[in-house]
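Undergrad: If you scroll down you'll find the structure; I have some questions about it.
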Amino acid sequence: MSTAELAVTGVQKRFGGVTVLDGVEFSCPADGLSGMIGPNGAGKSTLFAIITGFQAGDEGRIRFAGRDVTGLSAVERVHLGLGRTFQVPREFGSLSVRENLMAAAPGQSGENLLAAFLHPGRVRAEEAAIRERADAWLAFLNLAQVADTPAGRLSGGQRKLLELGRVLMLEPKMILLDEPFAGVNPVLIGEIAGRIRELSARGIGFLIVEHNLAALAALVNHMFVIDRGRLLAEGAPAAVLADPAVREAYMGGAA
Amino acid sequence: MGSAYLINLAFNGVILGLIVALAALSITLVFGIARFPNAATGDVATVGAFAGLAVTATGGGTAAILGFGVLTAAGLSLLFYLILFRGLADKPPVASLIASIGLAFFVRAVLTFFVGHNQQVYPLPIVRAVPFGPLRVQPTDLQVIAVAVLALAAVFALLHLTAIGRRMRAVADNPDLARASGIAATRVLVVMWLCAGALAGVSGTLLGIKTVVSPEMGWDLLMPAFAATILGTIGNPVGAVLGGLLIGLAQELSTPIVGFTYKIGVGFLVLLLMLLVRPQGLFAGNALVR
Amino acid sequence: MEAYLLAVAVIALIYTLLTLGLNLQYGFTGLINFGVVGFFAIGAYTSGLTVLAGWPLPVGLLLAALAAALASWPVGLLSLRLRIEYFAIVMLGYAETIRLVVTSESWLTGGVRGIAGIPSTSAALGLQADPTLVTFAITLAAVVAVILVTRHLIASPFGRVIRAIRDDEDAVRALGKHPGRFKVTVFVLGNAVAGLAGALYAHYITYISPDQFVSLLTFYIWVAMIMGGAGRIGGAVVGTVVLMVFVEGSRFVRDVMPGVAEVEMSSIRLGVIGLALMLLMRFRPQGILGTKGNP
Amino acid sequence: MYRAIRTAALASLLTSVAAVAVTVPAAAADKTFSVGALNPVSGAGGTYGTGMQKAIILAAEEINAAGGACGTRIAVVAEDTQTSPEAAVLAAKKLVEVNKVQVVMGTWSSGVTLAVMPITTAAGVPLMNTSGAPAISTEDKEDLVWRFQATNGRFGQAFSEIAALRGFQRPATMAYNNASGLGNTEGFEQAWTARGGRLVSKVVYEPKQASYRSELQQILAANPDVVVMGSYLPDTTIILREWFQSGENPDLKWIIPGWAANEKLVEALGPEVTAGIIAVDSISNENAPSYARFGEAYARATGEPAGANVYAAMTYDMMILWGLAMQASCPDLAPRAINARLRAVDDPTGEAVYGFAEGKAALEAGKTINYEGASSQLALDEYGDVTPDFSLSVITDGKIVRERVVSLGVK
């Protein structure tokens, strides 16, 4: 068991009388490129929220980067290098695209009110550096031409890229993407997938929840299938998609 | 300061609490379904009380006051939904909250413009209290209790025994459902606003019977009603009623300790303490459903 | 005429301070503060009592801002645990409680009788000049200072985060930043400005009593902020000017239109404020000047 | 045709502007003295403000009809305090700075008077008010503030006088938590304990409540024989109804200020509940010729009896007294000079006069005068406060019947 991994053991979650997660267990390498699928209502979103610390599970443990993070807040998990995006992009609509990225930069002394007034020189120098990094990521994500546009005016696909850029400012070890392809046109899907592949090659890990099975299968190396709150199958994408149990679950889920 | 004194204080608290509970129930219904705290609730209650006054001019008694007051308040509540709150439904709840404060001011301004600031009184006979052991029960108290309990029972029956009530609870549970089911949701909202207005009307007329009718009475009722609503968890009808009673009791029973000027603050203090311990309200759990 | 306009301007500037403080909280950070008048009152009483006790005016102003900040800190912390609508109502109650304390603790505040004979700004500074002029100068300086500080703050990394919080708090958390720390700071800061405004008010009117600190003032300030456009510094100034022209203008309307029954003026004022709140929320939530989506 | 109408309209507009421009200097040449009427036309004092303003104008007309004071006509500029200190401050600034008034009269609530005082005093302009708060006397360092209403404390003294007259032994007090409510009951307590009596219980209550039963319970538990109230109409209505309904202490008597124990109270509660209530009010100088003259003019101007607005008589007296002081100060019409003559035209040793024309004639004849006002005999004391009489009325069969007039006596 390597320390550089995300491991989920025995996670349970109930809402009222409904069991949403029923002892999910899996682990994936923190520098790998993994995908997660499952029919509607399988509990993916809840699991995602529990892994990132936005919800608390009733039972079970989450380990990340060699630590038990179960009791940590969402903010603390980010500090350990676990980044996330949202299913529906949650850009800061009134901030410009560049500001969205700059806001994400960690460890800014200008975020301290006193420092913002007392050490203008230091804050200015930091800002210049942060801006440079933000612009570099914007160029990488092909968003440089909209850097000064309010984020609220971007198209759906651009918002997905923006969210990715924002997470990248955190210099995370691993990023959890929640449906990065949902509502994005095929051309942009290709572009987003290309960026993810390149980032993965640079050593950033990904766990991607997605409904677009074809696009996901083409992107990831390893796939998990969740159904009725449990891990149903895992393995190479082709093998998983060929698994009769998985097909059954998807048929059943559709009915 | 014997037990008789305390029993009487507690009884006062219950009567006060019931009137607050009715307004709180109105607020909680609106919050559970339309998703914002309606600050105009108090002023709808005031209009109900004034409407009751209008029937006394033609010789109406308690029943006529209540009936007409409740009808007017219910109609007004629906009207406000149609002309104001419906158009705000797609904006953040804060927009509706601020607009409802504006509406409250506007209603009060219209009232004071036409009837002035002077107090009015329902011309009902004043009857002596009947002693029950140490307790002195006034006939109006019995009326207040009976009407309040009836109104509360009617609302709970509506919510739990009728098809539209079940749908109201479903919408309260899941706001997306409201969006998905179009026309049905409109019917739910119409019934809900009528119901909320009627409850405010009962609260206003009962307050008028107990005290005097003045344009400011509803706004003054609003703070304790809000406190009761939060205390019992916004959107929870049982909680709203118990919250109202709790605030009434806490205010009156605290007077031997904190005195009379601070007793209004006690309701708020209870609320603050509760929020520190249980930020989600006393009766957490999902909205109107459980 | 100049002196009268100057007097109106002083009140307008004091309101502008309140609007600027609220704008920082709601306009830039999305915090709902329905307790503005409470912190205004704390500032007024703190500075009034301090200067009456013989301390110099700057100490009074400073303590006023500090006291308001201190009083808002615990409720600011509470705001982090509460839903936004709960907090809105809690703040209404908090302002009312402050008024209740001021009313009841008469050994300190004079109770319902209030405090008379508070030294005016010029008296407190030992100047012979017209108190209105001195208050005007100090208040104007305060407004300019608050505007400059706010602008610097909004442009700073701190300001970027609070604007991000207004747009989406969960997304800020996903970036590894605690929204709470920022929200409490902004809440306390905005209320310190309200406290300062209260102090200037006390030394201008020179008499304060609980009756002067009712929730209507809070809503005046909300109207001013929303009219000018939440999240716009210039909007706070414009909104307050529009409000003052309306409130004071009604005085002159009566001279022109004697047909309007005079007793009903207060009803009309309240009604117009109410109508303005409704119409703005319904049709121009971004304010009179604001453009949609780009504050 | 259309064009002609427009030209005509324009021409008439221009002429009217020109006319205004001409009349202003003409009026100035005729010598006018500007008086600011600063009354609570809207807000809580709205019931009285309009009448108070009318009374000032009536008095000014009376002075002008008598050829003015010291050959000078009085011009009244009216403003609304909105019964709010902040609005009043702006109104006062406008009066003093824009309209250049040289005296301000008619502020009503204590908060307003206390807020306006520093402005008028700084401008050297006297201020005449109808407020009750004692602080007004102590804050008036330059003797520029004059009070035409009984202080809260004097009301309390009157209550005590009446309680003693009626032979009560065990009084309790209930006060609405504001300056006036507290002033009345504390004034009573002071005067009563000075007589060697003591209170059996006292309660201060917050207004705007649905029920005062808990407060009442505490009072009734002490078994008082009379409750002295510092209250207003709505709370008095509720308290009395709850007392009656409770059936406790049915023989209890109530001493209530006149602004709460009035026809409206009887209308709200009926004759049975209100039977025996003792209503105390400061009264106008009802038997004086000045009151008769004022009452007639007031009724003609407003269509209401003078008795409906006790403050109107006070503001009337302000204007008349000021006019007489102007006459006495003639030819020096500086505000401070006139201010210094106010006591001189209210001199107890002087010849009693009941109107401006009469007073002016006496002054011109070189006599010392004592203006006997419509609101009271005035008798301004060292603080500039008047000493009015009080009425003791008892509600009997739903009617408010006056029993006697109580004078606290002039020091």
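The values are calculated or read from the model by the stated rules, or taken from the named source; none is laboratory data. Because the structure is a prediction, the values reported are computed rather than measured. Cβ placement follows ideal geometry from the backbone for every residue including glycine, while neighbour counts extend to all protein chains displayed. Ligands, DNA and RNA are excluded from the accessible area calculation, which covers all protein heavy atoms including side chains. Shrake-Rupley method; radii C 1.70, N 1.55, O 1.52, S 1.80 Å.
Undergrad: Could you please find all residues in segment D:88-113 being hydrophobic (A, V, I, L, M, F, W, C), within 12 Å of chain C (Cβ to nearest Cβ) and closer than 20 Å to D:G46 by Cβ?
TA: D:A88, D:V89, D:L90, D:A91, D:A92, D:L95, D:V112 - these are the residues of segment D:88-113 that are hydrophobic (A, V, I, L, M, F, W, C), within 12 Å of chain C (Cβ to nearest Cβ) and closer than 20 Å to D:G46 by Cβ.
Undergrad: Is one or more of the residues making up segment A:208-218 assigned by TED's automatic domain parsing to the domain that holds A:S34, within 16 Å of the chain's Cα centre (by Cα) and either among the basic types (K, R) or open to solvent by 70 Å² or more (accessible area, probe 1.4 Å) (or both)?
TA: Yes, segment A:208-218 contains at least one residue that is assigned by TED's automatic domain parsing to the domain that holds A:S34, within 16 Å of the chain's Cα centre (by Cα) and either among the basic types (K, R) or open to solvent by 70 Å² or more (accessible area, probe 1.4 Å) (or both).
Undergrad: Let me ask you something else. From the list C:A194, C:A155, C:A141, which residue is more than 14 Å from chain A (Cβ to nearest Cβ) and over 15 Å from the mean Cα position of the chain (by Cα)?
TA: That would be C:A141, the only listed residue that is more than 14 Å from chain A (Cβ to nearest Cβ) and over 15 Å from the mean Cα position of the chain (by Cα).
Undergrad: Which of the numbered conditions does B:L97 fail, given that it passes all the others? Conditions: (1) part of a helix (DSSP H, G or I); (2) within 13 Å of chain C (Cβ to nearest Cβ); (3) out of contact with any Ser or Thr (no Cβ under 9 Å at 6 or more places or on another chain); (4) free of Cβ contacts under 8 Å to residues at least 24 places away in the same chain.
TA: (4)
Undergrad: Restricting attention to segment D:365-383, does a residue exist that is in a helix (DSSP H, G or I) and open to solvent by 40 Å² or more (accessible area, probe 1.4 Å)?
TA: no
Undergrad: Hand me the list of strands (runs of 3 or more DSSP E) wholly inside segment A:151-255 holding 3 or more residues that are more than 28 Å from A:E127 (Cα to Cα). Please lay out each step first, then the result.
TA: Values: elements: A:174-178, A:205-209, A:222-227, A:230-235.
Qualifying strands (runs of 3 or more DSSP E): A:205-209, A:222-227, A:230-235.
Undergrad: What is the one condition in (1) crowded, with 24+ Cβ neighbours inside 10 Å; (2) more than 10 Å from chain B (Cβ to nearest Cβ); (3) among the hydrophobic types (A, V, I, L, M, F, W, C); (4) under 24 Å from B:I264 (Cα atoms) that D:L240 does not satisfy?
TA: Unmet for D:L240, out of (1) crowded, with 24+ Cβ neighbours inside 10 Å; (2) more than 10 Å from chain B (Cβ to nearest Cβ); (3) among the hydrophobic types (A, V, I, L, M, F, W, C); (4) under 24 Å from B:I264 (Cα atoms): (2).
Undergrad: Criterion first (closer than 27 Å to B:I264 by Cα, open to solvent by less than 30 Å² (accessible area, probe 1.4 Å), assigned to a loop (DSSP other than H, G, I, E, B) and at pLDDT below 95) does D:P224 satisfy it?
TA: No, not satisfied.
One line per residue, one yes/no per condition, for (1) modelled with pLDDT of 95 or more; (2) outside any helix (DSSP H, G or I); (3) surrounded by fewer than 24 Cβ atoms within 10 Å (Cβ to Cβ); (4) touching a Gly at 6+ places or on another chain (Cβ under 6 Å):
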{"site": "B:Y5", "(1), (2), (3), (4)": "no, no, yes, no"}
{"site": "B:A10", "(1), (2), (3), (4)": "no, no, yes, no"}
{"site": "B:L16", "(1), (2), (3), (4)": "no, no, no, yes"}
{"site": "B:V30", "(1), (2), (3), (4)": "no, no, no, no"}
{"site": "B:V47", "(1), (2), (3), (4)": "yes, no, no, no"}
{"site": "B:A63", "(1), (2), (3), (4)": "no, no, yes, no"}
{"site": "B:L78", "(1), (2), (3), (4)": "yes, no, yes, no"}
{"site": "B:I101", "(1), (2), (3), (4)": "no, no, no, no"}
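Undergrad: Just need a number here: residues in segment A:143-157 that are in contact with a helix residue (DSSP H, G or I) (Cβ under 7 Å, 6 or more places away or on another chain) and buried (at least 16 other Cβ atoms within 10 Å of the Cβ).
TA: 6
Undergrad: For segment B:243-266, which positions are farther than 16 Å from D:Q218 by Cβ and either part of a loop (DSSP other than H, G, I, E, B) or open to solvent by 30 Å² or more (accessible area, probe 1.4 Å) (or both)?
TA: B:L245, B:L246, B:L249, B:I264
Undergrad: Name the pairs: first residue in segment D:294-316 and aromatic (F, W, Y), second residue open to solvent by 60 Å² or more (accessible area, probe 1.4 Å) and at pLDDT 90 or above, Cβ to Cβ under 8 Å, at least 6 apart or on different chains?
TA: D:Y298/D:K54
Undergrad: Could you pull out the residue among D:Y298, D:Y316, D:Y311 that is open to solvent by less than 60 Å² (accessible area, probe 1.4 Å), under 23 Å from D:I162 (Cβ atoms) and assigned to a helix (DSSP H, G or I)?
TA: D:Y311
A quick yes/no check of all residues on (1) under 16 Å from D:W254 (Cβ atoms); (2) without any contact (Cβ under 8 Å) to a residue 40 or more places away in the chain:
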position: D:R166; (1), (2): yes, no
position: D:M174; (1), (2): yes, no
position: D:S180; (1), (2): no, no
position: D:G196; (1), (2): no, yes
position: D:I219; (1), (2): yes, no
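Undergrad: Could you tell me whether A:S45 is of a type in the set (S, T, N, Q) and either buried (at least 19 other Cβ atoms within 10 Å of the Cβ) or not in a helix (DSSP H, G or I) (or both)?
TA: Details: of a type in the set (S, T, N, Q): yes; either buried (at least 19 other Cβ atoms within 10 Å of the Cβ) or not in a helix (DSSP H, G or I) (or both): no.
No; evaluated as a whole, the condition is false for this residue.
Undergrad: Another question, then. Is one or more of the residues making up segment B:70-79 within 26 Å of B:L152 (Cβ to Cβ) and within 14 Å of chain C (Cβ to nearest Cβ)?
TA: yes
Undergrad: Please verify whether C:K183 is farther than 19 Å from A:G107 by Cβ, open to solvent by less than 50 Å² (accessible area, probe 1.4 Å) and among the charged types (D, E, K, R), treating the condition exactly as stated.
TA: yes
A quick yes/no check of all residues on (1) among the hydrophobic types (A, V, I, L, M, F, W, C); (2) surrounded by fewer than 20 Cβ atoms within 10 Å (Cβ to Cβ); (3) part of a helix (DSSP H, G or I):
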position	(1), (2), (3)
D:G156	no, no, yes
D:Q190	no, yes, yes
D:G197	no, yes, no
D:S211	no, no, no
D:V228	yes, no, no
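Undergrad: Kindly indicate the residue of segment A:87-122 that is in a loop (DSSP other than H, G, I, E, B) and open to solvent by 50 Å² or more (accessible area, probe 1.4 Å) and also nearest to the other protein chains (Cβ to nearest Cβ) among those meeting that condition.
TA: Here the answer is A:R90.
Undergrad: With the condition kept exactly as written, say whether any residue in segment D:340-348 is in a helix (DSSP H, G or I), surrounded by 15 or more Cβ atoms within 10 Å (Cβ to Cβ), touching a Leu at 6+ places or on another chain (Cβ under 7 Å) and among the charged types (D, E, K, R).
TA: Checked against the condition, which is being in a helix (DSSP H, G or I), surrounded by 15 or more Cβ atoms within 10 Å (Cβ to Cβ), touching a Leu at 6+ places or on another chain (Cβ under 7 Å) and among the charged types (D, E, K, R), segment D:340-348 yields at least one hit.
Undergrad: Now for a separate question. With the checklist (1) farther than 23 Å from D:A133 by Cα; (2) touching a strand residue (DSSP E or B) at 6+ places or on another chain (Cβ under 6 Å); (3) within 14 Å of another protein chain (Cβ to nearest Cβ) in hand, flag the one item D:P207 doesn't pass.
TA: (1)
Condition check ((1) out of contact with any strand residue (DSSP E or B) (no Cβ under 6 Å at 6 or more places or on another chain); (2) under 19 Å from A:K44 (Cα atoms); (3) touching a residue at least 24 places away in the same chain (Cβ under 8 Å)) across all residues:
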site: A:E163; (1), (2), (3): yes, no, yes
site: A:R166; (1), (2), (3): yes, no, yes
site: A:L188; (1), (2), (3): yes, no, yes
site: A:S200; (1), (2), (3): no, no, yes
site: A:L207; (1), (2), (3): no, yes, yes
site: A:L231; (1), (2), (3): no, yes, yes
site: A:E234; (1), (2), (3): no, yes, yes
site: A:P237; (1), (2), (3): no, yes, yes
site: A:E248; (1), (2), (3): yes, yes, no
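Undergrad: Continuing with the same structure: (1) under 20 Å from C:G274 (Cβ atoms); (2) more than 10 Å from chain C (Cβ to nearest Cβ): which one isn't true of B:L111, the others all being true?
TA: So B:L111 meets the others, but not (2).
Undergrad: Please enumerate the residues belonging to segment B:186-221 that are open to solvent by 10 Å² or more (accessible area, probe 1.4 Å), touching an Asp or Glu at 6+ places or on another chain (Cβ under 9 Å) and within 11 Å of chain C (Cβ to nearest Cβ).
TA: Hit for segment B:186-221 is B:W219, nothing else.
Table: residues versus (1) modelled with pLDDT of 95 or more; (2) farther than 23 Å from C:V237 by Cα; (3) surrounded by fewer than 22 Cβ atoms within 10 Å (Cβ to Cβ); (4) among the aromatic types (F, W, Y).
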| site | (1), (2), (3), (4) |
| --- | --- |
| C:L125 | no, yes, yes, no |
| C:Q128 | no, yes, yes, no |
| C:A137 | yes, no, yes, no |
| C:H152 | no, no, yes, no |
| C:A155 | no, no, yes, no |
